[in-house]
Structures are given as structure tokens and as C-alpha cells.
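Structure first, then comments.
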Amino acid sequence: MTQHTIEDEAEGTEGRPSSSPHDDEAWPSESDEREDEGDGASGGAASGPSSRAKADTLNRSIARFIDILIALLLARLPGYVGVLSGLTYVGIADGLMGGRSIGKRIIGLRVLRSKDGTHADFRASILRNSPIGLLYLIFHIPLIGWALACMGLGFELLLMIGSPEGRRLGDEIADTVVEDEEGDRD
């Protein structure tokens, strides 16, 4: 048994059973509880996505814009090869480089699975980006395609802003979440 001191009583640790000095590690201290109530940005690789801060909407929009520009540049390749290359990039982009498309890598974002916090793979990326892929195909419809695609992107943006977790339709389909990489660097 350990002895209780005045400092223990001030911290509110009296009355906790302790048979060894290491047993206190099982009990969260008040400072640990305050950290859990904080911004949620801290957390190591073992922590799930719910303990981290969601990615900023502006950063996500910039990353998506970069990815769409890459897809549209690929679409400039001759014939159907270009359109299919752009569509392929849109589909698998978030499965590249550990859950980061080129745009997300530049901005510092990462796509994670909501269930276990692992990086998105190609399957999750294809599911997640299926609405964007559909909008990409609609964009290529003559005369009205660009307007319809912009309305669809606006709808996705509204869903992302309205969701407490910052999830858009693709995130709901694939059960993913986008987060800042800064939490991984701590």
C-alpha cells in the first residue's frame, strides 16, 4: 500500500485502491481528463479518428481543387484515354501514399477509415470518390455539364459544412474521415 499525502488529497486521488506504484497508471488523473476534453488534436498513431480534429473545410476544398485540376489535365490526353485516365485518378487518388492524394499531400491532409483509424486503401478511395467521379463524367457533357458538376460539388461542400464530423456523401459511403496530418507528427 502506498501512503496518501496532502498533494494526493488535493488532486483527488485519495480513496483509489493502489497495491503498487504502477497501479495509478490505470486511473486517469485530472490532467488526463482535461486533455481528453481539449481540442482532440493530440493523439498518436494508436488513437482513432474520433480523438483527432477534423480537417478544415478550406484545406479540404483546396486539396480537392488540386486533385480535380490534375484529373482535368489528364483528360487533355487524346481520345478516351484522357477521360479514363482522369476518372481513374479521381477514383484511386485517396488510396495513394497512405491515404493521401497529391492535393491532400500538398495541403497536409489524410483520409482514414472511421472504424479503426487506418489509412484509406484503394477500395475505400474508389467508394469515397464515386460521387466525385460521377460529377467528373457529368462535367464532360457538352454545354450544361460544367454547371451540373459545379452544383454537385456545391452540394458536397454543403454536406461537409453541415456535418459535425466534416463528412461529405463520399465519406458516408466509404465510412471515412479526413484529418490533418499534424496529429501524426506529435
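Where a number appears in this text, it was derived from the coordinates with a stated rule and is not lab data. What you see is a predicted model, and the numbers here were worked out from it, not measured in a lab. Glycine also receives a Cβ, built like all others from the backbone with ideal geometry; neighbour counts cover every protein chain displayed.
Descending by average beta-carbon neighbour count within 10 Å, the peptides 72-84, 165-177 line up as 165-177, 72-84, the highest first. What does the charge count near Arg113 come to, summing +1 for each Lys or Arg and -1 for each Asp or Glu among other residues with Cβ under 9 Å from its Cβ? My count for the surroundings of Arg113 gives -2.
With coordinates expressed along the principal axes, the C-alpha atoms belonging to region 54-185 extend over 42, 28, 22 Å, beginning with the largest.
Based only on other Cβ atoms within 10 Å, what is the fewest-to-most ordering of Ile62, Ile161? Please report the intermediate quantities before stating the final value.
Details: Ile62 16, Ile161 10.
With the sparsest Cβ surroundings first, the list reads Ile161, Ile62.
One chain, two ends: Leu58 and Val81. Fully extended at 0.36 nm per residue, the span grows by 5.1 nm beyond their Cα-Cα distance.
Just to confirm a number: summing +1 for Lys and Arg and -1 for Asp and Glu over residues other than Leu159 whose beta-carbon lies under 9 angstrom from that of Leu159, what do you get? Charge balance near Leu159 sits at -1.
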